[in-house]
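Have a look at the structure below before the remarks.
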Amino acid sequence: MRSDPLGYLSTELDVLKQQGLYRTLRVLEGEQKAKTTFDHRQVVNLSSNNYLGLTTHPLLRERALEATRRLGVGSGSVRSIAGTMDIHMELERRLAVFKNTEAVVVFQSGFAANAGTVAAVLSKDDVVISDELNHASIIDGCRLSRAAIKVFPHKDAAAARRIVAELPAAQRKLLITDGVFSMDGDLGALPALCDIAEEFGCIMMVDDAHASGVFGRNGRGTIDHFSMHGRVDIQVGTLSKAIGALGGYVAGSRALVEFLYHRARPFLFSTSHPPAVAAACIAALDVLEQDPQIIDRLWENTRFFKSGLQTLGFNTGLSESPITPVIVGDGALAMKLSDRLFQEGVFAQGIAFPTVARDKARVRTIVTATHTRDELQFALDVFAKVGRELSIL
Ligand SMILES: Cc1ncc(COP(=O)(O)O)c(C=O)c1O
């Protein structure tokens, strides 16, 4: 009889179970909305990146359906062969205007945009200087590039400067940060890092996945928020979070975009978006341009909920965005908190090592523009009850 060469995977899963870190996937039975049903339970949903409620917006839905009727369900090829449809080009043109850059290239996801871009623009003789909490897709891109990787402590621009200053002047350097950090909700040290990039001639790159649709005028992101236009060479955004659909993009110079058309491996080797996705993203840009009040509602809800958690006495870290962590430290406690919240009607995902440091486990909350005050107050009341029950408060 053949032995199971993957037997060690079950052993590792057993270890996760013993540590209380084993997760089952919550299954959404319906639409991705502020109040919805997961695993047969109606809950206030604080776990989605659907910041503006666009996943179910009537305009996006209608345009996606119209594109499907007119153009079919798939693109049939990678972009560089037969899979560039005029709707993909229209989306790239619209995003370039929105981001105020020469050009934009759209990828299948934000992950593909980050990993594909870093790996394409760097090679083994180069060096990346990267914030320690940068997203996994950046880390993977750095590894794929085979460039040397130098990590600076979170948001510590002085440390980043020391690293850059010691590198040979002629070596190609990429300085990279998240615009909004996905687990802590704080902002990257953008202005200080741009100064360093200019002083030492580094390529400056920002991953604005959680800032797209959230920060800046009409949701243009942190570069707009900090008035840094023209100072960031490579801006990554996602279409999968506030924009409500799926995808990622890189905004920058025409030369950067054309280079990525030729060298970014996800662009070259993975099929492009179905027309419905591109149509929904274009519709989302229309919504951001015509109804920016939707972003005001997101921020009103953010202030209400964040201050509510803080008044109760939870440790919400350094969050400056709609992502508010409730940091409890121990991984098993975070999972227990998440489970109890869920039983009481609130879905806030527990996050533990390796996604965050071992002693920084948390549940992560994200409010959206579409939560009602009653829903957020209900969630705060449940947090208070369960927090006391588990001696977190
Ligand atoms: C900071 C950051 N960058 C990139 C991504 C990847 O975006 P996408 O979900 O579009 O692949 C994420 C999503 O988890 C993220 O949080």
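The values are calculated or read from the model by the stated rules, or taken from the named source; none is laboratory data. What you see is a predicted model; the values in this text were computed from it and never measured. Every residue, glycine as well, gets a Cβ built from its backbone with ideal geometry; the counts of neighbours run over all protein chains shown.
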- Query: Of all the residues that make up segment 358-393, how many are farther than 29 Å from ILE243 by Cα, of a type in the set (A, V, I, L, M) and out of contact with any helix residue (DSSP H, G or I) (no Cβ under 8 Å at 6 or more places or on another chain)?
  - Reply: 0
- Item | Total residues in segment 298-319, condition surrounded by 16 or more Cβ atoms within 10 Å (Cβ to Cβ) and either in a loop (DSSP other than H, G, I, E, B) or in contact with a Ser or Thr (Cβ under 8 Å, 6 or more places away or on another chain) (or both) | 10
- Note on the structure: The helices (runs of 4 or more DSSP H) lying wholly within segment 195-278 that contain at least 1 residues that are buried (at least 24 other Cβ atoms within 10 Å of the Cβ) and within 15 Å of the ligand (Cβ to nearest atom) are 222-225, 265-269
- Item | The listed residue being at pLDDT 95 or above, more than 14 Å from the ligand (Cβ to nearest atom) and crowded, with 22+ Cβ neighbours inside 10 Å, out of ARG94, ARG79, ARG61, ARG69 | ARG79
- Item | Test: residue in segment 117-127 that is under 21 Å from CYS202 (Cβ atoms), at pLDDT 95 or above and within 17 Å of the chain's Cα centre (by Cα) | yes
- Message: Need pairs with beta-carbon distance below 7 Å; first residue on the phi < 0 side of the Ramachandran plot and within segment 200-217, second basic (Lys, Arg) and within 16 Å of the ligand (Cβ to nearest atom); sequence gap 6+ or separate chains.
- Response: ALA209/LYS241; HIS210/LYS241; SER212/LYS241
- Query: How many residues does segment 193-211 contain that are within 12 Å of ALA157 (Cβ to Cβ) and among the aromatic types (Phe, Trp, Tyr)?
  - Reply: 0
- Being within 30 Å of GLU90 (Cα to Cα) and not in a loop (DSSP other than H, G, I, E, B) narrows it down to one of ASP286, ASP374, so name that one. ASP286
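Can GLN32 be described as surrounded by 12 or more Cβ atoms within 10 Å (Cβ to Cβ), farther than 16 Å from ALA379 by Cβ and under 23 Å from the mean Cα position of the chain (by Cα)?
So GLN32 fits the description; yes.
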- Message: So, in segment 3-33, how many residues would count as being assigned to a helix (DSSP H, G or I) and charged (D, E, K, R)?
- Response: 3
- If you go through segment 23-42 one residue at a time, do you hit one that is β-branched (Val, Ile, Thr), more than 19 Å from ALA113 (Cβ to Cβ), out of contact with any Lys or Arg (no Cβ under 6 Å at 6 or more places or on another chain) and modelled with pLDDT under 95? yes
